[in-house]
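K.L.:
To start, I am sharing the structure in question, which I have written as structure tokens.
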Amino acid sequence: MRLTITVAAGALLVLPLIALAAGGDDTEPPPSTQTSTECVKGQVWDEATKSCVDAESGLLDDDTRFRAVRELAWAGRPEDALIVLAAMTEGRTDRVLTYIGFANRKAGRIDEGLAAYDEALALNPDNILCRSYLGQAYVELGRIDLAEVQLAEIRARGGSGLWAETALQSAIRTGETHDY
């Protein structure tokens, strides 16, 4: 009995990590911080120093940079998000490439966005967030057939009921895509 409870508790702790490994499921727009309200191009708010610092600063870790990228993208500043993405030290991981694709798409460079999404999916085919954004790009291009392929892939990879699925399903139905 104790082993069953321990295994079940361990599974509950691991499931959120699996979701993150699969590209996450960011369901809410990021909160506004000083990064989007006070910092200028190429800067991120550093909570420790209570100031805007250059995205390349050693004061920042990649998770802080990544939160800034999401915030800047949501705030309609895709070019600034790309500057912060270029400062990421983790390299061209699937999460970085997903947001490189997203920011390029939102900046109007759809081909660069599609290429980044393809590269992200080559690294991690289970990245359902990337698949949702790729599907939304296809909706913007009027290629509903290709968007539906990504929707089916999201579902096949365990994304049913998650934001990635519902956002793409909504985009296919309404033609409106998301900014986060």
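K.L.:
Which FRET efficiency value, to the nearest 0.05, do you get for Ser51 and Thr166 by plugging their Cβ-Cβ distance into 1/(1 + (r/R0)^6) with R0 = 41 Å?
P.N.:
Calculated transfer efficiency: 0.60.
K.L.:
Under the rule of at least 5 residues apart or a separate chain, name every residue whose amide H is placed under 5 Å from the amide H of Met88.
P.N.:
none
K.L.:
Quick one: in the chain, what % of C-alpha pairs are over 20 Å apart?
P.N.:
Value for the chain: 54 percent of Cα pairs lie more than 20 Å apart.
K.L.:
Right, something else. Show the residues, 5+ positions off or on another chain, whose built amide H is closer than 5 Å to the amide H of Cys52.
P.N.:
Result for Cys52 returns Asp46.
K.L.:
Return, in residue-number order, each cysteine of the chain whose C-beta is not under 4.7 Å from any other cysteine's C-beta.
P.N.:
Isolated Cys, the chain: Cys130.
Each value in this text was obtained by applying a stated rule to the coordinates, not by laboratory testing. Because the structure is predicted, anything quoted here is derived from the model rather than measured. Positions of Cβ are generated from backbone atoms using ideal geometry, with glycine treated the same way; all protein chains shown enter the neighbour counts.
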